[in-house]
Amino acid sequence: MSDQSIIFFDIDGTLLDFNKQIPASTKQAIADLRARGHEVAIATGRAPFMFEKIRKELDIDTYVSYNGQYVVLRGEVIYRNPLNADALVALTETAIQNDNPIVYMDAEDMRANVPEEHEYITTSISTLQVDKFPTYDPAYYQQREMYQCLLFCLEGAEQQYEASFKDFDFIRWHPMSVDVLPAGGSKAHGIAKITEKLGFPAERQYAFGDGLNDVEMLKQIHHSVAMGNAEPEAKAVARYVTKPVDEDGIVHGLRMVGLLD
């Protein structure tokens, strides 16, 4: 363990470039990390079903999904942190009054509470270039554990929800959508579940990210690296800033921190 480290990678804007492709240099870098005995993991805001192809392509079976609410270690679920069910009912009622659609997300699927293709939903989710869009099922959340919701509203509109729903955190990921998470939930919290179980000390933990939902992770992880294309808030808290994702940013960052030559 003394020479082994664990490296967590965000997906969008970190592992994936702006065309939602994994750069060849990134694939090689991950293979090189493994060849040196390191543990490679993913930390993302995506649902597990939204990055299955990426996991298979990179042969990764350890991941933090839903911004820390659903954590899998070597194929086994080790942590779940669902949304408060009663608060979610109240949030739904308020969102309906405000004409703000919601997509409910559990470990297997996502469903919307609006029947037609809503502009905000199609516009924002299409940027992820995933294989599926949410189908209509307004009662989907009532009998299942939800780990995250997508609330569709324009920038600034989330402030009224933040004031009213203290059981949730609201993190914007698109001009038309915010993630709804359990209050205090973060990638950093989910990562700790893995590092504690595997026994990695702080000095052997690394993380790469670029978004607002990476800020807590980049604050907490000892060797944190913000991508060159990262949000200013992410760069401000990271220990290192590498090149953009489409300029071999992962390889450059791994060299900066001494994991690759």
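Coordinate-derived values only; no laboratory data. This one's a predicted model, so the numbers in the text were calculated from it and none came from an experiment. Counting neighbours? That spans all protein chains shown, and the Cβs are built from the backbone with ideal geometry, glycine included.
Quick check: convex hull over the Cα atoms of region 75-169, volume per residue in Å³, rounded to an integer?
116 Å³
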Problem - Relative contact order for region 1-51, counting Cα pairs under 8 Å that sit 6 or more residues apart, in percent - result: 50 percent
Exercise for the section: Starting from the exponent 0.38 and prefactor 2.2 Å, build the expected Rg for the chain from its residue count and divide its actual Cα Rg by it. Expected result: 0.99
Exercise for the section: Please give every one of the aspartates and glutamates within straight-line cross-link reach of Lys219, meaning a C-alpha to C-alpha distance under 13 Å, and leave out same-chain neighbours fewer than 8 residues apart. Expected result: Asp210, Glu233
Practice task
Can you pull the one-decimal nm distance between simple spin-label points at Glu116 and Ala157, each 7 Å off the Cα toward Cβ?
Solution key: 1.6 nm
Completion exercise
Rounded to the nearest 10 degrees, the helix 187-198 long axis (Cα) sits at an angle to the longest Cα principal axis of the chain of 50 degrees
Exercise for the section: Mind scanning Lys166/Lys197; Lys53/Lys193; Lys56/Lys132; Lys56/Lys166; Lys132/Lys243; Lys197/Lys243 and naming the pairs with a C-alpha gap bigger than 28 Å? Expected result: Lys166/Lys197; Lys56/Lys166; Lys132/Lys243; Lys197/Lys243
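What are the GluC sites (Glu not before Pro) within region 116-171 that DSSP puts in a loop, where the Cβ has at most 13 other Cβ atoms within 10 Å?
On the way: sites: Glu116, Glu117, Glu119, Glu145, Glu155, Glu158, Glu162; in loops: Glu116, Glu117, Glu145, Glu155.
Answer in residue order: Glu116, Glu117, Glu155.
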Exercise for the section: Provide the per-residue ³J(HN,Hα) series for region 141-157, in order, calculated from phi with Karplus coefficients 6.51, -1.76, 1.60 and θ = phi - 60°, each as a whole number of Hz, with x at glycine and proline positions. Expected result: 7, 6, 10, 9, 7, 9, 9, 6, 10, 10, 9, 9, 7, 6, 4, x, 5
Practice task
Using 0.36 nm per residue of separation minus the Cα-Cα distance, give me the extension gain between Glu196 and Glu247 in nm, one decimal.
Solution key: 15.0 nm
Problem - Diffusion coefficient, µm² s⁻¹, Stokes-Einstein with Kirkwood Rh over alpha-carbon pairs of region 137-198 at 25 °C and 0.890 mPa s - result: 186 µm²/s
Handout entry: region 12-96: proportion of alpha-carbon pairs further apart than 17 angstrom, %
Key = 56 percent
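Please express the shape of region 1-152 as an equivalent ellipsoid: the semi-axes are the square roots of 5 times the eigenvalues of the C-alpha gyration tensor, given largest first in whole angstrom.
They are 32, 18, 11 Å, listed from largest to smallest.
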Handout entry: Rg/Rg_ref, region 119-261, where Rg_ref = 2.2 N^0.38 Å and atoms are Cα
Key = 1.20
Exercise for the section: With springs only between Cα atoms under 10 Å apart, run a GNM on the chain and tell me which of Ala207, Ala90, Ala238 wobbles the most. Expected result: Ala90
Problem - region 168-261: trypsin sites (Lys or Arg not before Pro) in DSSP loop, at most 16 other beta carbons within 10 Å - result: Arg239
Exercise for the section: Among Ile194, Ile96, Ile121, determine the one that fluctuates most according to a GNM of the chain built with springs between C-alpha atoms less than 10 Å apart. Expected result: Ile96
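Just in region 1-61: which trypsin sites (Lys or Arg not before Pro) are loop by DSSP and have at most 15 other Cβ atoms within 10 Å? Before the final figure, lay out each step's value.
Details: sites: Lys20, Lys27, Arg34, Arg36, Arg46, Lys53, Arg55, Lys56; in loops: Lys20, Arg36, Arg46.
Here the sparse-neighbourhood loop sites are Lys20, Arg36.
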Problem - In degrees, nearest ten, helix 24-35 long axis to first principal axis of the chain (Cα) - result: 60 degrees
